[in-house]
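The values are calculated or read from the model by the stated rules, or taken from the named source; none is laboratory data. Because the structure is a prediction, the values reported are computed rather than measured. Cβ: placed from backbone, ideal geometry, glycine included. Neighbour counts: every protein chain shown.
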Amino acid sequence: MTNSYLSRKNRSRKGKINAVAPSRGEIIKMLENRGQPLQRKEIIAALEVESDDSREVLRRRLGAMLRDGQLVKNRRNAFGLPGHMDLVKGRVSAHRDGFGFVIPDDGSSDLYLSSREMRKVLHGDHVLAGVTGTDRKDRREGMITEVLERANENIVGRFVEESGIALVVPDDSRINQDVLVPLADTAGARPGQVVVANIVTPPTNHQPPVGKIVEILGQSGAPGMATEIAIRSHGLPYNWPQGVEAAAQAFGESVTKDMAKGRKDLRELPLVTIDGADARDFDDAVYAKRQKDGWRLVVAIAEVSAYVRPGNALDVEAEQRSTSVYFPNRVIPMLPEALSNGLCSLKPDVDRLCLACEMTVSGQGKVSRAGFVAAVMNSSARLTYPQVAEYFETGNLKHHQDRQKVKRNLDDLHGLYQALRKARLKRGAIDFESTEYGFSLDQRGAVTGLVEHQRNDAHKLIEECMILANVEAARFLLRHELPSPYRVHAPPPDGKLEALKQFLQGQGMRVPWRDDPQPKDFEAVAEQARGRHDEQLVMAVLLRSQSLAAYQSKNEGHFGLALKAYTHFTSPIRRYPDLLVHRAIHFVLARKKTTTYAYTETAMSDLCTLCSHNARRAEEAERDVIDRLKCVYLETRIGEKFDGMVSGVTAFGLFVELNYGRISGLVHVTGLPNDYYHFDSVAHRLTGERRGRVFQLADRVKIRVLAVNLDERKIDFDLVE
């Protein structure tokens, strides 16, 4: 070891230390070689760090490595490597009953945390935990050794004040410790109001978290409150940092000649956008033309990478958001409106920059040739799904009856869709058909009713075109070997497969697989379910059996779509991974040297992890709002009767899903006909001891809405004989 850290130092006027010290990699390598934990003075000696300033830099670096979980300090104040100390680094996942788990970062099996251990942490905290043994269920048990990062800076909940004690009861049931609030820090909150508490002192073994009120949102049932609570509960960024909106507006409202310079001109193609009636950001436009042996297909995607450059203010904020979040009454966009609904959006009859995927598709729905091109386009029409579906059925294109080029495009797109649909079925992709429900809201944001959303051929056409473009983008990235995000969907884990098998057999359905199920096996189950009285239940259980899709820097295929390679390319306005894919494609098209590429493999892997986490965060926030609004809706229907189906059976009662709205509630066992009931977990049934009455999965029942608890998102039903 040379004396690299002996004299290369100086101290700036402001006291900042400018000195050379061992890197993190050098520290880890040295500890690996020594094979034992070392105290700081031993590390200093081993790495020959002799100058005072270099030692100070090393001290700070060791502290940072502790915070990041790269090192662990034991009881003798020696620094060691977590992997050699039987320690697990991961996120805390709390259960509403008080216990929890550490979900390891490395994907290994979860670590069980007792309710006592959970006193030290809150849901989402990043921790180091030691393995202490196994419990009666043969699960690894653990003990928190260090909290690396607190996940909850603020907590949203209901304010309570009794007998001179104030506290906040968290809205998120996974946060099972109330927040104590000194009376001097209540900010005038009144009991029952929904508030935001800033955590001043995190929880310990002996004390719950202590906080202060920083925001009063209002009453929990007020219009729009569901969205406000979800935004803050899930930590969604909803305000633009200073300068971000101005940066978006600086590009202007229209594409200039300089912007379009060097791009392929697609303005003569009758490209069209097809979206929902209330959509405002138009990501994609499509065009198809029938050829002798198939079709020419152009999928043009909104250009974002020309405006959002790596490292600029727009990019930093987009990365932190990672995705737009869609609520029934509000959208939290990934990009400021000047771009998302303005310059990037493929509005009709205006020039827009795009990145287009041009494909030749055979009559069998297979791509024989594909390429990407930076282009400028001009959308011929902004169409909606109902418009296009009606045109496919009747030949009448509402509001565009005289647009012959647009109609010819739709005719050829429809023919292409039918070929793509057949190809999808042939390869065995899983098709989860289900009815979705939304909410109708008044001007105040109050729920006035439920709205049924049916998928039609227009939805499926766009879906198939986007899948095709996403596949070609993935293939392009694989060929050029640039670090990029792939959308990976793993096969179902063994535990979920076994539970699904038991469920299907209990419903009298054939299980098509033996050991190694393929996507076509799940599609076969879906086909069996179609037309059955319990079709929705089977589809829901089938969907729950699947693994969660995630972004990864390494391609491992997409099980659900039965594809060997897949990525997200078609929505860069609302998804950050798509923007990363666009940057990679543009990099290749510009024929730049690989050494100048902005992302290393490690950096891309970290971005994939961040985007996956933020995508799940957005989905959970959206689901929370939907669940709360369902409660708000049924709160006005207490006493009314509805038809439903038993969707779950437990020892304490039946979960019933209503036929309309997909709203679930509980019929408690005490609400069943008077008897002693015995629970059969294998057959999913309750059987009365005296009368022999049986209640089981998929039974059709009539219920009455008994009670609604909005704070806990719980709905109680009463069985109507």
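Scanning the range 322-334 for residues that are surrounded by fewer than 21 Cβ atoms within 10 Å (Cβ to Cβ) and not hydrophobic (A, V, I, L, M, F, W, C), which turns out farthest from the chain's Cα centre (by Cα)?
Selected residue: Asn329.
Being out of contact with any Lys or Arg (no Cβ under 8 Å at 6 or more places or on another chain) and either buried (at least 16 other Cβ atoms within 10 Å of the Cβ) or part of a helix (DSSP H, G or I) (or both), is that true of even one residue in the range 635-643?
Residues of the range 635-643 that are out of contact with any Lys or Arg (no Cβ under 8 Å at 6 or more places or on another chain), as a first pass: 635-638.
Going one step further and asking which of them are either buried (at least 16 other Cβ atoms within 10 Å of the Cβ) or part of a helix (DSSP H, G or I) (or both), we end up with 635.
Taking every residue of the range 635-643 in turn, at least one turns out to be out of contact with any Lys or Arg (no Cβ under 8 Å at 6 or more places or on another chain) and either buried (at least 16 other Cβ atoms within 10 Å of the Cβ) or part of a helix (DSSP H, G or I) (or both).
Return the only residue of Ile103, Ile165, Ile175 being farther than 25 Å from Pro493 by Cα and free of Cβ contacts under 8 Å to residues at least 60 places away in the same chain. If you could, list the steps in order and put the result at the bottom.
Working: Ile103 fails: farther than 25 Å from Pro493 by Cα; Ile175 fails: free of Cβ contacts under 8 Å to residues at least 60 places away in the same chain.
Of Ile103, Ile165, Ile175, the one residue that is farther than 25 Å from Pro493 by Cα and free of Cβ contacts under 8 Å to residues at least 60 places away in the same chain is Ile165.
Within the range 125-135, track down each residue that is touching a residue at least 40 places away in the same chain (Cβ under 8 Å) and either β-branched (Val, Ile, Thr) or in a loop (DSSP other than H, G, I, E, B) (or both).
Taking the range 125-135 as the starting set, the residues that turn out to be touching a residue at least 40 places away in the same chain (Cβ under 8 Å) are 126, 128-131.
Val131, the sole residue that qualifies.
Specify which of the listed residues (Lys554, Lys496) is among the basic types (Lys, Arg), outside the structural domain of Asp105 (by TED's automatic domain parsing) and in contact with a strand residue (DSSP E or B) (Cβ under 8 Å, 6 or more places away or on another chain). Even if it seems obvious, please write down each step before you answer.
Working: Lys496 fails: in contact with a strand residue (DSSP E or B) (Cβ under 8 Å, 6 or more places away or on another chain).
Only one candidate qualifies: Lys554.
Does Val308 satisfy the condition of being under 16 Å from Leu580 (Cα atoms), among the hydrophobic types (A, V, I, L, M, F, W, C) and surrounded by fewer than 21 Cβ atoms within 10 Å (Cβ to Cβ)?
Working: under 16 Å from Leu580 (Cα atoms): yes; among the hydrophobic types (A, V, I, L, M, F, W, C): yes; surrounded by fewer than 21 Cβ atoms within 10 Å (Cβ to Cβ): no.
For Val308, the condition - under 16 Å from Leu580 (Cα atoms), among the hydrophobic types (A, V, I, L, M, F, W, C) and surrounded by fewer than 21 Cβ atoms within 10 Å (Cβ to Cβ) - is not met.
Taking the range 554-572, which residues are assigned to a strand (DSSP E or B) and of a type in the set (A, V, I, L, M)? I'd like the intermediate steps shown before the answer.
Taking the range 554-572 first, the residues assigned to a strand (DSSP E or B) are 558, 563.
Within the range 554-572, Leu563 is the sole residue that qualifies.
Collect the residues in the range 194-213 that are under 17 Å from Glu161 (Cβ atoms) and β-branched (Val, Ile, Thr), keeping them in residue-number order.
Val194, Val195, Val196, Val210, Ile213
Conditions (1) in contact (Cβ under 8 Å) with a residue 60 or more places away in the chain; (2) hydrophobic (A, V, I, L, M, F, W, C), marked per residue:
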{"site": "Lys41", "(1), (2)": "no, no"}
{"site": "Val57", "(1), (2)": "no, yes"}
{"site": "Leu66", "(1), (2)": "yes, yes"}
{"site": "His95", "(1), (2)": "yes, no"}
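Could you pull out the residue among Arg690, Arg623 that is of a type in the set (Lys, Arg), closer than 30 Å to Thr323 by Cα, modelled with pLDDT of 90 or more and exposed (fewer than 15 other Cβ atoms within 10 Å of the Cβ)? Working first, answer last.
On the way: Arg690 fails: closer than 30 Å to Thr323 by Cα.
Arg623 is the lone residue from the list that is of a type in the set (Lys, Arg), closer than 30 Å to Thr323 by Cα, modelled with pLDDT of 90 or more and exposed (fewer than 15 other Cβ atoms within 10 Å of the Cβ).
How many residues does the range 179-207 hold that are surrounded by 15 or more Cβ atoms within 10 Å (Cβ to Cβ), in a loop (DSSP other than H, G, I, E, B) and touching a residue at least 40 places away in the same chain (Cβ under 8 Å)?
The qualifying residues number 2.
Conditions first: (1) loosely packed, with under 15 Cβ neighbours inside 10 Å; (2) in contact with a Cys (Cβ under 6 Å, 6 or more places away or on another chain). Val708 passes all but one, so which condition is the exception?
Status for Val708: all satisfied but (1).
Being in a helix (DSSP H, G or I) and either farther than 28 Å from Gly107 by Cβ or among the basic types (Lys, Arg) (or both) is the filter here; which residues of the range 524-553 pass it? Outline the logic, then answer.
At the first step, the residues of the range 524-553 found to be in a helix (DSSP H, G or I) are 524-529, 535-544.
Once the filter is applied, which keeps residues that are in a helix (DSSP H, G or I) and either farther than 28 Å from Gly107 by Cβ or among the basic types (Lys, Arg) (or both), the range 524-553 yields Ala524, Ala526, Glu527, Gln528, Ala529, Glu535, Gln536, Leu537, Val538, Met539, Arg544.
So how many residues does the range 456-512 have that are in contact with a Gly (Cβ under 8 Å, 6 or more places away or on another chain) and loosely packed, with under 15 Cβ neighbours inside 10 Å?
Taking the range 456-512 first, the residues in contact with a Gly (Cβ under 8 Å, 6 or more places away or on another chain) are 488-489.
With loosely packed, with under 15 Cβ neighbours inside 10 Å added as a condition, the list becomes none.
The number of residues fulfilling the criteria is 0.
Show the residue pairs that are 6+ apart or on different chains and have beta-carbon atoms under 6 Å apart, the first residue being within the range 298-321 and in contact (Cβ under 8 Å) with a residue 12 or more places away in the chain and within 18 Å of Gly342 (Cα to Cα), the second being in a helix (DSSP H, G or I) and acidic (Asp, Glu).
From residues that are in contact (Cβ under 8 Å) with a residue 12 or more places away in the chain and within 18 Å of Gly342 (Cα to Cα), the pairs are Val308/Asp315.
Tally the residues that are buried (at least 16 other Cβ atoms within 10 Å of the Cβ) and modelled with pLDDT under 75, restricting the search to the range 61-84.
1
Within the range 15-27, is even one residue part of a loop (DSSP other than H, G, I, E, B), surrounded by 14 or more Cβ atoms within 10 Å (Cβ to Cβ) and modelled with pLDDT of 85 or more? Full working, then the answer.
Let us first name the residues in the range 15-27 that are part of a loop (DSSP other than H, G, I, E, B), namely 15-16, 20-23.
Filter again for surrounded by 14 or more Cβ atoms within 10 Å (Cβ to Cβ), leaving 20-22.
Subset that is modelled with pLDDT of 85 or more: 22.
Scanning the range 15-27 turns up at least one residue that is part of a loop (DSSP other than H, G, I, E, B), surrounded by 14 or more Cβ atoms within 10 Å (Cβ to Cβ) and modelled with pLDDT of 85 or more.
May I ask you to verify whether Ala288 is surrounded by 19 or more Cβ atoms within 10 Å (Cβ to Cβ), in contact with a helix residue (DSSP H, G or I) (Cβ under 6 Å, 6 or more places away or on another chain) and not assigned by TED's automatic domain parsing to the domain that holds Val451?
Numbers: surrounded by 19 or more Cβ atoms within 10 Å (Cβ to Cβ): yes; in contact with a helix residue (DSSP H, G or I) (Cβ under 6 Å, 6 or more places away or on another chain): yes; not assigned by TED's automatic domain parsing to the domain that holds Val451: no.
The answer is no for Ala288.
If you check Leu355 against the conditions, is it surrounded by 24 or more Cβ atoms within 10 Å (Cβ to Cβ) and part of a helix (DSSP H, G or I)?
Details: surrounded by 24 or more Cβ atoms within 10 Å (Cβ to Cβ): yes; part of a helix (DSSP H, G or I): no.
Taking the combined requirement at face value, the residue does not satisfy it.
Among (1) under 30 Å from Asn409 (Cβ atoms); (2) of a type outside the set (D, E, K, R); (3) buried (at least 21 other Cβ atoms within 10 Å of the Cβ), which single condition is Val447 missing?
Here Val447 meets the rest and fails (1).
Looking for whichever is under 25 Å from Ala300 (Cβ atoms), in contact (Cβ under 8 Å) with a residue 40 or more places away in the chain, part of a loop (DSSP other than H, G, I, E, B) and touching a strand residue (DSSP E or B) at 6+ places or on another chain (Cβ under 8 Å) here; the options are Ala469, Ala419, Ala429, Ala458. Which one fits? Full working, then the answer.
Details: Ala469 fails: part of a loop (DSSP other than H, G, I, E, B); Ala419 fails: part of a loop (DSSP other than H, G, I, E, B); Ala458 fails: part of a loop (DSSP other than H, G, I, E, B).
Exactly one residue qualifies, and that residue is Ala429.
Considering only the range 454-470, I want to know if a residue exists there that is of a type in the set (Lys, Arg) and under 23 Å from Ala529 (Cβ atoms).
yes
For Thr227, only one of the following conditions fails: (1) within 30 Å of Glu161 (Cα to Cα); (2) touching a helix residue (DSSP H, G or I) at 6+ places or on another chain (Cβ under 6 Å); (3) at pLDDT 95 or above. What is its number?
The one condition Thr227 does not meet is (3).
Return the residue satisfying two criteria in turn: it lies in the range 593-620 and is among the hydrophobic types (A, V, I, L, M, F, W, C) and surrounded by 14 or more Cβ atoms within 10 Å (Cβ to Cβ), and of such residues it is farthest from Ser322 (Cα to Cα).
Let us first name the residues in the range 593-620 that are among the hydrophobic types (A, V, I, L, M, F, W, C), namely 598, 603-604, 607-608, 610-611, 615, 618.
After this cut, where a residue has to be surrounded by 14 or more Cβ atoms within 10 Å (Cβ to Cβ) as well, the list is 598, 604, 607-608, 610-611, 615, 618.
Values: Ala598: 18, Met604: 14, Leu607: 9, Cys608: 10, Leu610: 8, Cys611: 5, Ala615: 7, Ala618: 9 Å.
Among those residues, the one meeting the criterion is Ala598.
Of all residues being of a type in the set (Gly, Ala, Ser) and crowded, with 20+ Cβ neighbours inside 10 Å in the range 227-246, which is nearest to Ile175 (Cα to Cα)? Just the residue, please. Walk me through it before giving the result.
Taking the range 227-246 as the starting set, the residues that turn out to be of a type in the set (Gly, Ala, Ser) are 230, 233, 235, 243, 246.
Those left that are additionally crowded, with 20+ Cβ neighbours inside 10 Å: 230, 233.
Working: Ala230: 14, Ser233: 10 Å.
Selected residue: Ser233.
Can you tell me which residues in the range 261-285 are crowded, with 18+ Cβ neighbours inside 10 Å and either under 19 Å from Tyr307 (Cα atoms) or outside the structural domain of Leu461 (by TED's automatic domain parsing) (or both)?
Of everything in the range 261-285, those that are crowded, with 18+ Cβ neighbours inside 10 Å and either under 19 Å from Tyr307 (Cα atoms) or outside the structural domain of Leu461 (by TED's automatic domain parsing) (or both) turn out to be Arg263, Asp281, Phe282, Asp283, Asp284.
Taking the range 138-174 as the search range and keeping residues that are touching a Pro at 6+ places or on another chain (Cβ under 9 Å) and in a loop (DSSP other than H, G, I, E, B), which one is nearest to Asp110 (Cα to Cα)?
Looking at residues that are touching a Pro at 6+ places or on another chain (Cβ under 9 Å) and in a loop (DSSP other than H, G, I, E, B), I get Arg150.
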